[in-house]
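These notes concern the structure reproduced below.
The values are calculated or read from the model by the stated rules, or taken from the named source; none is laboratory data. In this text, all values refer to a predicted model and were calculated from it rather than measured experimentally. Every residue, glycine among them, receives a Cβ derived from its backbone with ideal geometry; neighbour counts consider all protein chains shown. Note: areas computed on protein heavy atoms with side chains; ligands, DNA, RNA excluded. Shrake-Rupley method; radii C 1.70, N 1.55, O 1.52, S 1.80 Å.
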Amino acid sequence: MRERQASQGARRAREFEAFVAGAAGRLLHAATLLTAEDPGDNPRARRLLTLALAHTYACWHRLRGEDPYDRARQYLALRFARTAWHQYGGLGRAHTHPASPTAVLAPQERLILVLRLYEGVAEEQAAALLGLPVERVHAICERATATLLHPPRLAAAGGVAEPAPS
């Protein structure tokens, strides 16, 4: 009995290691986009990734045909949302790295943009994951995309954002 459990544990570890080897890079990039950190210096993104992988490993034996990448991505997104909510009193503005392409976005905008555009999650799935109406997810994604395509300019004198010309 112990030999069988040991072989199952070893097989589980090998399967998980193969999963991490294939998925960790993409998940880390998604986490870095979420936290709006510099890709070379991203401790919050690495912590998010570690937590998501630990959660996925803990429920590895219960996946039974479910895609482990989806489970890890789901946990990553929910953990980011919960952390942003607790740290910044909602999904308002957070401290970001100025060189990050997503630094101009609010955490909720980053989350929806990463899920929809980087990860390719359908609006309905993103809405269900975040507990929002589909129309709200669509509107936030549109606004975030417009903000990235036409970022606000900082006024020379006071550092106040001005809308970009249309």
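Could you tell me the calculated FRET efficiency between R62 and A146, based on Cβ-Cβ distance and R0 = 45 angstrom, to the nearest 0.05?
0.65
What does the C-alpha gyration tensor say about the overall shape of the stretch 21-150? Classify as rounded when a/c is under 1.5, otherwise prolate if a/b is larger than b/c, or oblate.
The shape class here is oblate.
Can you list residues from other chains, or at least 5 along the same chain, whose modelled amide H is less than 5 Å from the amide H of D38?
For D38, the qualifying residues are H97.
Return, ordered by residue number, the residues of the stretch 109-146 whose backbone nitrogen is under 11 Å from a label point located 7 Å along Cα→Cβ of L78.
Residues passing the 11 Å test: 129-131.
Roughly speaking, what is the centre-to-centre gap between the stretch 58-76 and the stretch 97-153 when only Cα atoms are used, to the nearest Å?
23 Å
Express the accessible area of the stretch 1-143 per residue in Å², computed with a 1.4 Å probe while the remaining protein chains stay in the model.
For the stretch 1-143, the solvent-accessible area averages 57 Å² per residue.
Counting only protein heavy atoms, what percent of the accessible surface of the stretch 1-70 is carbon or sulfur at a 1.4 Å probe?
Its accessible area is 53 percent carbon and sulfur atoms.
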